[in-house]
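The values are calculated or read from the model by the stated rules, or taken from the named source; none is laboratory data. All figures in this text were calculated on a predicted structure; none of them were measured in a lab. Cβ sites come from the backbone with ideal geometry, for glycine too, and all protein chains shown count toward neighbours.
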Amino acid sequence: MGENLTRKILGAHLVTGELIAGREIAVKIEQTLTQDATGTMACLQFEALDVPRVKTELSVSYVDHNTLQTGFENADDHRYLQTVAAKYGMYFSRPGNGICHQVHLERFAVPGKTLLGSDSHTPTAGGCGMLAIGAGGLDVAVAMAGGPFYLTMPAVLKVELINKLPPWVTAKDVILEVLRRLGVKGGVGKVVEYTGPGVAGLSVPERATITNMGAELGATSSLFPSDAVTKKFLEAQGRGEQWVELLPAADAVYDAALTVDLAALEPLAACPHSPDAVKTVREIGAIKVDQVAIGSCTNSSYADLMQVAGILRGKQVHEQVSLVIAPGSRQVLAMLAQNGALADLIAAGARLLESACGPCIGMGQAPPSGGVSVRTFNRNFPGRSGTADAAVYLVGPETAAAAALTGRLTDPRELGAYKRIAQPARFLIDDRMIITPPANPAAVAVLRGPNIKALPVNQALPEELTAKVLLKVGDNITTDHILPAGAKILPLRSNIPAISAHVFSAVDPSFAARAKAAGGGIVVGGHNYGQGSSREHAALAPSYLGVKAVLAKSFARIHRANLINFGILPLTFARAADYDDLEKDDLLVLEALRSRLQAEEQLSVKNSRTGASLAVSHGLTPRQKDIVLAGGLLNYTKKQNR
Ligand code: MIC
Ligand code: SF4
């Protein structure tokens, strides 16, 4: 029986392990991507690894998240990133050049190669047949230094697409439908591979919208084949020679399968406050809308924005709606400027933002109090928009444009005749905002601003751990809960002591002070703890505050890896019901922790309040165990190199 595409690519890159779902494997990484919000840390970590130049085929450092410069911090970070890139051989995509995933798809993604990115939406490049995975910055730093990437061999879920999308129904509706069926935990431990006759009808940017939001399923990655459509896209990007055909075997085997009938879909929206709270736009009804935001790495391609411009042409944005648009890349923006679509957007009353993440990560454009914001983005976690009581709905660009005109959530099918936007024969290619690293880096001085603080050094795991439960939270806690982003906190990403004051600030503002006063502690969580972003700050900052373990029902993949990388023990309850018996402030004792871990003995946690002992598991591979014992991946790697 034949191999699916995921296994073909993983097999071709396998460094250690076997392709058996659930086992640890290591794969060779050919390309890396970092963005500024995670990239300063990744670069500081790369510097700490003492390697003179990146060893990948291609590493690109993007600036797209922290582009709002309300103080010196972000500008200093940009300068640091630019100089580090030059010194160590990374390409540098300047602020204004676009969102990392959109630009990477346009200019760098190559079918069949591997990409590791310090951002959870790195699988966007899967739309181009690339196996692209999101990870914490430290894992990416290790890959830049030539190390393989360790992951749990995923199961492969086949999503068979049949028939064609009806007018006004888009790629966003496809992934919202998959989210509706599988939920935000549905992809954990899996690669979602798209196949079937419906694939041929989707352009590469449409495929990328789908693979992008696979992150919201918790999937390790999402992947489309590389076919004639991929070839046409790469040719239009002037990169036709990088195309290779990549298809699953005709009799490929999968671990699970589901079918999506594209013809049966209708416009969908994810309701507050989760990307899987999906309903049809019709079902939600004509609720009043205060803000419409179009952009983000999910939906800001040339075709997306041309569609929006076509809908708005000659019309006026509703007087009660603020419409903001952030084109995904400078390529998209320049093409809209050249063909006049930008003038249509401006004439209709759109507020133009630069090509960057912007409102998606709470960098401005917070909605009004209690307001409704309709966004083409991928996440609507509570508070992420910058307004705690705002209601954010996630939709496709057509639905967003319809709401901008009517002031109400509107099914775009009410707009009349539909015109599909064709891919241009050639995109506008101008890479001058991407700086090539100099051949001789010796002369480059790395510039650090005063906000860039040295990496904290963690201690090895202690033999005995007695620690308080600092916080008990429920299911599906996101990294936006653990460490929020937004215009106030993001500028502190290079300063762990300062950013750690904001750990869990939206959940319990006293957390950081209590953790410090107690000299650290333990966090108790429910299922899917740490879903969402790849930000390792959500592990690094708690580690800085002395958090030694998180005891949860289950973890999201990237966050669990980040906890291990920063020396925090990810423990799961052997009996999920034991979760109910724990309370905040309980004093927990883990006796002979190091020795038991080393001797592979069952760990148990004694609750001093009740006297009860709970069995817990760690599920660590031998390598992960050594990393936690050493106090994190940096300590471990340094020890290995010694
Ligand atoms: C996000 O969408 O949450 C981010 C900001 O892009 C993050 C990375 C970060 O926190 O810097 C992600 O998705 O990994
Ligand atoms: Fe940027 Fe938003 Fe995409 Fe994250 S999800 S990379 S913040 S546009």
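Kindly establish whether residue 141 is small (Gly, Ala, Ser), surrounded by 24 or more Cβ atoms within 10 Å (Cβ to Cβ) and not in a loop (DSSP other than H, G, I, E, B). So that I can check it myself, show each step before the final result.
Values: small (Gly, Ala, Ser): yes; surrounded by 24 or more Cβ atoms within 10 Å (Cβ to Cβ): yes; not in a loop (DSSP other than H, G, I, E, B): yes.
Yes, satisfied.
Residue 70 meets the conditions (1) surrounded by fewer than 20 Cβ atoms within 10 Å (Cβ to Cβ); (2) β-branched (Val, Ile, Thr); (3) under 30 Å from residue 622 (Cα atoms) in every case but one. The failed one is (3). Every listed requirement among (1) in contact with a Phe, Trp or Tyr (Cβ under 9 Å, 6 or more places away or on another chain); (2) not in a helix (DSSP H, G or I) is met by residue 192 save one, (1).
Residue 488 meets each of the listed conditions (1) more than 30 Å from residue 232 (Cβ to Cβ); (2) among the charged types (D, E, K, R); (3) more than 16 Å from ligand 1 (Cβ to nearest atom) apart from (3). Considering 616, 589, 628, the condition of being part of a strand (DSSP E or B), within 33 Å of the chain's Cα centre (by Cα) and not small (Gly, Ala, Ser) is satisfied by 616 alone.
Of the listed requirements (1) in contact (Cβ under 8 Å) with a residue 60 or more places away in the chain; (2) more than 16 Å from ligand 2 (Cβ to nearest atom), residue 199 misses just one: (1).
Screening residue 571 with (1) in contact with a His (Cβ under 6 Å, 6 or more places away or on another chain); (2) outside any strand (DSSP E or B) gives one miss only, at (2). Please give the number of the condition residue 536 fails out of (1) more than 15 Å from ligand 1 (Cβ to nearest atom); (2) crowded, with 24+ Cβ neighbours inside 10 Å. Every listed condition holds for residue 536 apart from (1). The one condition from (1) small (Gly, Ala, Ser); (2) in contact with a Leu (Cβ under 7 Å, 6 or more places away or on another chain); (3) within 16 Å of ligand 1 (Cβ to nearest atom); (4) more than 30 Å from residue 619 (Cα to Cα) that residue 127 does not meet is (3). Would you confirm whether or not segment 42-50 contains a residue that is over 24 Å from the mean Cα position of the chain (by Cα), surrounded by fewer than 18 Cβ atoms within 10 Å (Cβ to Cβ) and on the phi > 0 side of the Ramachandran plot? Checked segment 42-50: at least one residue is over 24 Å from the mean Cα position of the chain (by Cα), surrounded by fewer than 18 Cβ atoms within 10 Å (Cβ to Cβ) and on the phi > 0 side of the Ramachandran plot. Specify the residue that is nearest to ligand 2 (Cβ to nearest atom); the eligible residues are those in segment 388-408 that are within 16 Å of residue 481 (Cα to Cα) and surrounded by fewer than 21 Cβ atoms within 10 Å (Cβ to Cβ). The selected residue is 388. Pairs meeting the criteria (first residue in segment 100-121 and farther than 21 Å from residue 426 by Cα, second residue charged (D, E, K, R) and away from ligand 1 (no atom under 16 Å from the Cβ), beta carbons under 8 Å, at least 6 apart or on different chains) are 113/30; 113/57; 114/28; 114/30; 115/30.
Note on segment 1-52: residues that are away from ligand 2 (no atom under 16 Å from the Cβ), small (Gly, Ala, Ser) and in contact with a Gly (Cβ under 7 Å, 6 or more places away or on another chain) total 1.
Every listed requirement among (1) away from ligand 1 (no atom under 16 Å from the Cβ); (2) over 23 Å from residue 300 (Cβ atoms) is met by residue 220 save one, (1).
Just one of the listed residues (199, 178) is modelled with pLDDT of 95 or more, aliphatic (A, V, I, L, M) and more than 18 Å from residue 125 (Cβ to Cβ), namely 178.
Just to be sure before I move on: is residue 554 within 16 Å of ligand 2 (Cβ to nearest atom), over 15 Å from residue 469 (Cα atoms), under 21 Å from the mean Cα position of the chain (by Cα) and among the hydroxyl-bearing types (Ser, Thr, Tyr) in the structure I sent? The answer is no for residue 554. If you check 413, 379 for being at pLDDT 95 or above, within 16 Å of ligand 2 (Cβ to nearest atom) and charged (D, E, K, R), only one passes: 379. Suppose we filter segment 30-76 for residues that are out of contact with any Phe, Trp or Tyr (no Cβ under 9 Å at 6 or more places or on another chain) and within 12 Å of ligand 1 (Cβ to nearest atom); how many remain? Result for segment 30-76: 7. Exactly one residue among 493, 514 is touching a residue at least 40 places away in the same chain (Cβ under 8 Å) and within 16 Å of ligand 1 (Cβ to nearest atom), and that residue is 493.
Tally time: how many residues in segment 151-173 are farther than 30 Å from residue 14 by Cα, within 19 Å of the chain's Cα centre (by Cα) and aliphatic (A, V, I, L, M)?
Going residue by residue through segment 151-173, those that are farther than 30 Å from residue 14 by Cα are 162-173.
From what's left, within 19 Å of the chain's Cα centre (by Cα): 171-172.
Add one more test, that the residue is aliphatic (A, V, I, L, M), and what stays is 171.
Of the residues in that region, 1 qualify.
Of the candidates 26, 12, 42, the single residue that is touching a residue at least 40 places away in the same chain (Cβ under 8 Å), among the small types (Gly, Ala, Ser) and within 20 Å of residue 535 (Cα to Cα) is 42. Taken over segment 552-563, the criterion of being crowded, with 24+ Cβ neighbours inside 10 Å and either in contact (Cβ under 8 Å) with a residue 40 or more places away in the chain or in contact with a helix residue (DSSP H, G or I) (Cβ under 6 Å, 6 or more places away or on another chain) (or both) is satisfied by 556, 557, 558, 559, 561, 562, 563. Restricting segment 468-495 to residues that are closer than 16 Å to residue 530 by Cβ and in contact with a helix residue (DSSP H, G or I) (Cβ under 7 Å, 6 or more places away or on another chain) leaves a set whose member that is farthest from ligand 2 (Cβ to nearest atom) is 470.
Screening residue 342 with (1) within 18 Å of the chain's Cα centre (by Cα); (2) away from ligand 2 (no atom under 15 Å from the Cβ) gives one miss only, at (1).
When only residues in segment 480-527 that are of a type in the set (Ser, Thr, Tyr) and in a loop (DSSP other than H, G, I, E, B) count, which is nearest to residue 216 (Cα to Cα)? Checking each candidate, the answer is 505.
For segment 547-568, name all the residues that are part of a loop (DSSP other than H, G, I, E, B) and either among the β-branched types (Val, Ile, Thr) or in contact with a strand residue (DSSP E or B) (Cβ under 7 Å, 6 or more places away or on another chain) (or both).
If the condition is that a residue be part of a loop (DSSP other than H, G, I, E, B) and either among the β-branched types (Val, Ile, Thr) or in contact with a strand residue (DSSP E or B) (Cβ under 7 Å, 6 or more places away or on another chain) (or both), then 553, 554, 556, 568 are the ones that fit.
Take the residues in segment 80-106 that are surrounded by fewer than 22 Cβ atoms within 10 Å (Cβ to Cβ) and over 15 Å from residue 35 (Cβ atoms); name whichever of them is nearest to ligand 1 (Cβ to nearest atom). Among those that are surrounded by fewer than 22 Cβ atoms within 10 Å (Cβ to Cβ) and over 15 Å from residue 35 (Cβ atoms), it is 83.
Being within 21 Å of the chain's Cα centre (by Cα) and away from ligand 2 (no atom under 12 Å from the Cβ) is the filter; apply it to segment 348-369 and report the residue that is surrounded by the most Cβ atoms within 10 Å (Cβ to Cβ). Walk me through it before giving the result.
Narrowing segment 348-369 to residues within 21 Å of the chain's Cα centre (by Cα): 354-366.
Filter once more, so that each one left must be away from ligand 2 (no atom under 12 Å from the Cβ): 354, 364-366.
Working: 354: 17, 364: 17, 365: 22, 366: 20.
Ranking the candidates gives 365 first.
In segment 159-190, which residues are out of contact with any Lys or Arg (no Cβ under 9 Å at 6 or more places or on another chain), of a type in the set (D, E, K, R) and farther than 23 Å from residue 17 by Cα? The answer is 160, 164, 172, 173, 177, 181, 185.
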